[in-house]
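Input: a single structure, listed below in structure tokens.
The values are calculated or read from the model by the stated rules, or taken from the named source; none is laboratory data. Worth saying up front: this structure is predicted, and the values here are computed from it rather than measured. Quick reminder, even Gly has a Cβ in these numbers, built from the backbone with ideal geometry, and neighbours come from all protein chains shown.
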Amino acid sequence: MPIDDIQLSKFLSLVLRHKPDAIGLVLDPQGWVGISELIVKASAAGTKFGRDDLLRVVAESDKKRFSLSPQADRIRAAQGHSVSVELGLAAQEPPSILYHGTATRFVEAILSEGLKPQARQQVHLSFDEATAQRVGQRHGKPHIFKVDAGGMHAKGYKFFRADNGVWLTDQVPPEFLA
């Protein structure tokens, strides 16, 4: 039975962000892997799809979780890695305010300790409240934090923008949260 696009997207997130070794993949230092190798190893592990399926999921994904190399022969997750990769993104000046969506059950700890990457490499921030709301809803009753990204940047904190528009930083101390 062919894999549907949602299943394929979840599978790609798993192997390109968190567990490449689950199917015998080795990501390069920037998180890239050859599309042909990915398809062969996925198939050998029981997840069958073709290049056209993969390209459709990459093109039609509303979250734009994946990036293709300029030659469209390699793929990587745009952000969200728990495995060590260096995406090679240049530090940028962020918008003055960014947003972070989470579940209300985490609010007290975040106000005390700030935002930390947890199992991921960096903290993910959204450009708009609506996106942060959608992210927060995935984890329970949502709470949206406003992040004083401009203030953080002025104090020397670095920000990076992933290919899919998600803003990344190493941490957000509590004094920059509202």
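Structure notes:
- Among the residues of region 46-90, just one is in a helix (DSSP H, G or I), out of contact with any helix residue (DSSP H, G or I) (no Cβ under 8 Å at 6 or more places or on another chain) and either assigned by TED's automatic domain parsing to the domain that holds S126 or of a type outside the set (A, V, I, L, M, F, W, C) (or both), namely D52.
- Considered as a group, the residues in region 10-45 that are of a type in the set (G, A, S) and assigned to a helix (DSSP H, G or I) include one that is surrounded by the most Cβ atoms within 10 Å (Cβ to Cβ), and that residue is A42.
- Near pairs, Cβ below 6 angstrom, 6+ apart or cross-chain, from region 70-95 (within 28 Å of F176 (Cβ to Cβ) and in contact (Cβ under 8 Å) with a residue 12 or more places away in the chain) to any residue that is part of a strand (DSSP E or B) and of a type in the set (K, R): Q92/R161
- In region 109-126, of all residues being touching a residue at least 24 places away in the same chain (Cβ under 8 Å) and more than 14 Å from the chain's Cα centre (by Cα), the one that is surrounded by the most Cβ atoms within 10 Å (Cβ to Cβ) corresponds to L115.
- Residue in region 99-111 that is out of contact with any Gly (no Cβ under 8 Å at 6 or more places or on another chain) and on the phi > 0 side of the Ramachandran plot present: no
- Filtered residues of region 138-161 (kept if free of Cβ contacts under 8 Å to residues at least 40 places away in the same chain and over 24 Å from E108 (Cα atoms)): A154, K155, G156
- Evaluated against (1) surrounded by fewer than 18 Cβ atoms within 10 Å (Cβ to Cβ); (2) outside any helix (DSSP H, G or I), A130 falls short on exactly one condition, (2).
- M152, sole failed condition from (1) in a strand (DSSP E or B); (2) crowded, with 18+ Cβ neighbours inside 10 Å: (1)
The rows are residues; the columns are (1) within 23 Å of R17 (Cβ to Cβ); (2) at pLDDT 95 or above; (3) touching an Asp or Glu at 6+ places or on another chain (Cβ under 7 Å); (4) among the acidic types (D, E).
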site: L89; (1), (2), (3), (4): yes, no, no, no
site: A119; (1), (2), (3), (4): yes, no, no, no
site: H124; (1), (2), (3), (4): yes, no, no, no
site: V147; (1), (2), (3), (4): yes, yes, no, no
site: M152; (1), (2), (3), (4): no, yes, no, no
site: Y157; (1), (2), (3), (4): no, yes, no, no
site: T169; (1), (2), (3), (4): yes, yes, no, no
